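Q: Take this structure, written in structure tokens, and hold onto it; I'll ask about it next.
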Amino acid sequence: MPKAPAGTLYRGREGMWSWVAHRVTGVGIFFFLFAHILDTALVRVSPEAYNEVIATYKNPIVGLMEVGLVGAVVFHAFNGLRIVLVDFWSKGPRYQRHMFVAVGVLWVVLMVPFVIRHLSHVFGG
Amino acid sequence: MTAVAEAPAASSVVPSFQVTVRLRRFNPESDTEPRWEDHTVTMHGTDRVLDALHKIKWEIDGSLTFRRSCAHGICGSDAMRINGRNRLACKTLLKDLPLDKPITVEPIKGMTVLKDLVVDMDPFFEAYKSIMPFLITSGNEPTRERRQSPEERARYDDTTKCIMCAACTSSCPIYWTDGQYFGPQAIVGAHRFIFDSRDEGAEQRLEILNDRDGVWRCRTTFNCTDACPRGIEVTKAIQEVKRALLFRRV
């Protein structure tokens, strides 16, 4: 506990939070890729060991983590396109907030059907 | 005489209300860490945050320290963090803030706090100096004025409005963690000359901003654009400088 109450969090808007989310999803995806390359490389060591490791993924907890992974990748992809437009389209900075809303809408449109289908596999057997 | 007689009647029309101001205070002589301090004052519907600070300083605690000069949004002295966002205290009306909760007033982030709401602005002005904020020309001085078309003038109109209050620079998350970054204000200052058709120092300024701590540190969080009390599209200006560097086209 700090001796004095800390200063307040800066109340940034969509731009700041999209940047925070982009960082968090980016670092998260990096760690996934790290593990992913390791487990895929295992097939070169022994296909049996690979199968054993992949089998441990088939449980509801990893199933839910996969929802998080797809959510992070979808957000990172669309927000990345938004950043490209902010960088290279002369009107991008003016429409960044609209583009952020578009990222959110596209995220929901893609995630809802995916989550329904994915979770029915995970929990439906 | 008429004006004097009418004044009390006019002020009674303006609603008054109780405001709690939560100040972030720091006295370098006695405090090791900043602390919060609450003051409840009666203010009017026409008052600004600066008026509440004045009332506290003049009537309750004279040791409260903050900067302000013109008090009309031009000198750029009283940028502070009001309810978590960088604002000018003299341009923020109390009635526009949620008054059921205390109004938090903190010094701007990313610079050393000297006392209460006063921060060390030296690094900020050093960054501005380093982009050479003056007209650079070559050859003989023209006998008459340097001519410019309205279109050429419009090219950099937005960035001429800067009052150097540091609201943008101290709202930038990159600047909070890396004080070496030039910061949005210095780039706005450079933009004003880079895109001025009369100026010939664009290449030099672009070279300075091409540095590791130059425009490329910008992560387009748009905090600067939201914070600017002059309504400058700061991030847009930074992006224009980036594109000028990428495509070598001013």
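Q: Charges at C-beta only: +1 for Lys and Arg, -1 for Asp and Glu. How large is the resulting dipole of the range B:33-109 about its Cα centre, in Debye rounded to 20?
A: My answer is approximately 340 debye.
Q: Continuing with the same structure: With all protein chains present, how much of the accessible area of the protein assembly as shown (probe radius 1.4 Å) comes from carbon and sulfur, to the nearest whole percent?
A: Ligands and nucleic acids excluded, carbon and sulfur reach 60 percent.
Q: If you take the accessible area of B alone, add that of A alone, and subtract the area of the pair, what total do you get in Å², probe 1.4 Å, to the nearest 100?
A: 2400 Å²
Q: Sticking with this structure for a sec: Dipole of the range A:14-122, Cα-centred, from +1 at each Lys and Arg C-beta and -1 at each Asp and Glu C-beta, to the nearest 20 debye?
A: 480 debye
Q: Could you state the angle between the C-alpha long axis of helix B:2-13 and the longest principal axis of the C-alpha atoms of chain B, as a value from 0 to 90 degrees rounded to the nearest 10?
A: 80 degrees
Q: Past the 19 Å Cα-Cα mark, which pairs from B:Lys95/B:Lys115; B:Lys95/B:Lys236; B:Lys55/B:Lys91; B:Lys129/B:Lys161?
A: Cα-Cα > 19 Å for B:Lys95/B:Lys115; B:Lys95/B:Lys236; rest within.
Q: Sorted from largest to smallest, which semi-axis lengths in Å does the alpha carbon gyration tensor of the range B:16-119 give for its equivalent ellipsoid, taking the root of 5 times each eigenvalue?
A: 20, 16, 13
Q: Separation of the range B:55-105 and the range B:107-165 by C-alpha centroid, Å?
A: Distance between centres, Cα-based: 25 Å.
Q: Give a residue-ordered list of calculated ³J(HN,Hα) values for the range B:98-111 (Karplus: 6.51 cos²θ - 1.76 cosθ + 1.60, θ = phi - 60°; whole Hz; x for Gly, Pro).
A: x, 8, 6, 10, x, 8, 8, 10, 10, x, 5, 7, x, 10
Q: Let me confirm one metric for peptide B:216-226, namely the mean number of other chain beta-carbon atoms within 10 Å of its residues' beta-carbons.
A: Mean number of neighbouring Cβ atoms from other chains: 6.
Q: Here's another thing I want to ask about it. Would you mind counting up the charge near A:Ser18? Only other residues with Cβ under 12 Å from its Cβ, with Lys and Arg at +1 and Asp and Glu at -1.
A: +4
Q: What angle, in degrees between 0 and 90 and rounded to the nearest 10, separates the Cα long axis of helix A:47-56 from the longest principal axis of the Cα atoms of chain A?
A: Approximately 60 degrees, to the nearest ten.
Q: Cβ under 9 Å from B:Asp47's Cβ, B:Asp47 left aside: what net charge do those residues give with Lys, Arg +1 and Asp, Glu -1?
A: Neighbourhood net charge equals +2.
Q: Here is a further query. Would you grab the residues whose amide H sits under 5 Å from the one on B:Ile108? Only those 5+ places off in sequence or on another chain, please, with H modelled 1.01 Å from N.
A: Amide H neighbours of B:Ile108, under 5 Å, 5+ apart: B:Arg81.
Q: Under the rule of -39500 (n - 2.57) per DSSP H run of 4 or more residues, summed and divided by the residues of chain B, what mean residue ellipticity at 222 nm is obtained, to the nearest 500 deg cm²/dmol?
A: -8500 deg cm²/dmol
Q: As a test of understanding, state the convex hull volume per residue of the range B:60-193 from its alpha carbons, in Å³.
A: Considering the Cα atoms of the range B:60-193, their hull volume per residue is 162 Å³.
Q: So, counting K/R as plus one and D/E as minus one, what does the shell of residues with Cβ under 11 Å around A:Phe88 add up to?
A: +2
Q: Regarding the protein assembly as shown, what whole-number volume in Å³ per residue does the convex hull of its Cα atoms give?
A: In the protein assembly as shown, the Cα convex hull volume per residue is 243 Å³.
Q: Right, here's the next one. Taking a Cβ-Cβ separation under 4.7 Å as the criterion for a possible partner, which cysteines of the protein assembly as shown have none?
A: B:Cys90, B:Cys162, B:Cys165, B:Cys172, B:Cys218, B:Cys228
Q: Dipole of the protein assembly as shown (Lys/Arg Cβ +1, Asp/Glu Cβ -1, origin at the Cα centre): which of B:Ala202, A:Ser120, A:Thr56 lies farthest to the positive side?
A: Result: A:Ser120, furthest along the dipole toward the positive end.
Q: Right, next: With every protein chain left in place and a probe of 1.4 Å, what is the accessible surface of B:Glu59, to the nearest 10 Å²?
A: 130 Å²
Q: Largest first, what is the accessible-area ranking of B:Ser30, B:Ser171, A:Ser46 with a 1.4 Å probe?
A: The ordering from most to least exposed comes out as B:Ser30, A:Ser46, B:Ser171.
Q: Express the Stokes-Einstein translational diffusion coefficient of chain A in µm² s⁻¹, to the nearest whole number, given a Kirkwood radius over alpha-carbon pairs, 4 °C and a viscosity of 1.567 mPa s.
A: In µm²/s, the coefficient is 74.
The values are calculated or read from the model by the stated rules, or taken from the named source; none is laboratory data. Keep in mind that what you see is a predicted model, and the values were worked out from it rather than measured. Please note: Cβ atoms are built from the backbone with ideal geometry, for glycine as well, and neighbour counts cover all protein chains shown. What goes into the accessible areas is simple: the full protein's heavy atoms, side chains included, and nothing from ligands, DNA or RNA. Shrake-Rupley method; radii C 1.70, N 1.55, O 1.52, S 1.80 Å.
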